[in-house]
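The values are calculated or read from the model by the stated rules, or taken from the named source; none is laboratory data. Keep in mind it's a predicted model, so treat the numbers as computed, not measured. Using ideal geometry, Cβ is built from the backbone for each residue, glycine included, and neighbour counts are taken over all protein chains shown.
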Amino acid sequence: MSISIKTIVAAVLALSVSAAHANPLDLQGGGQVKPRVTAIQLGVQAADNGVCPAPASLNIWVFSNKPGTFPVLLVADNGVVLGPYQVETVKGANNVTLGSWTEDFIVASSVSTKYRAVTPNSDVASMWVPLEVTC
């Protein structure tokens, strides 16, 4: 009888530990946790040397709970939404699951705006990042 109580206690502990890492709404059929974005970072680099056209680069890093392909939207502070861009995450060093998307572009005239990256149907979003070029 004591073996079955130990087994039940072990099962309850295992369930409580695994439940701390997954939301019940994250489960797919069969009890599998579905892939979801856990964090997004955005980086914008532009040559602000007073000369236009100026080269610029936009980088988005997507972190997820498991490998998968995720849609990402780029939102400007004026309400313009670009995308979706598909970002594939893969498991890497230290169990970090990460994917990235990069776009190089040319800034043709002076600009002062902010961007953020978001993923649809989620509260996950990057911080607002400025793009400032004066020419």
- Message: I need the full set of residues from region 44-102 which are surrounded by 13 or more Cβ atoms within 10 Å (Cβ to Cβ), among the hydrophobic types (A, V, I, L, M, F, W, C) and in a loop (DSSP other than H, G, I, E, B), in order please.
- Response: A47, C52
- Cβ pairs under 7 Å, 6+ apart, first in region 61-86 and within 13 Å of A39 (Cα to Cα) and among the basic types (K, R), second crowded, with 16+ Cβ neighbours inside 10 Å and modelled with pLDDT of 95 or more: K66/T97
- Pull up region 115-135, narrow it to residues that are outside any strand (DSSP E or B) and over 8 Å from the mean Cα position of the chain (by Cα), then point me to the one that is surrounded by the fewest Cβ atoms within 10 Å (Cβ to Cβ). D123
- Query: Out of all the residues in region 12-27, is one or more farther than 30 Å from V111 by Cβ, among the aliphatic types (A, V, I, L, M), surrounded by 15 or more Cβ atoms within 10 Å (Cβ to Cβ) and at pLDDT below 95?
  - Reply: yes
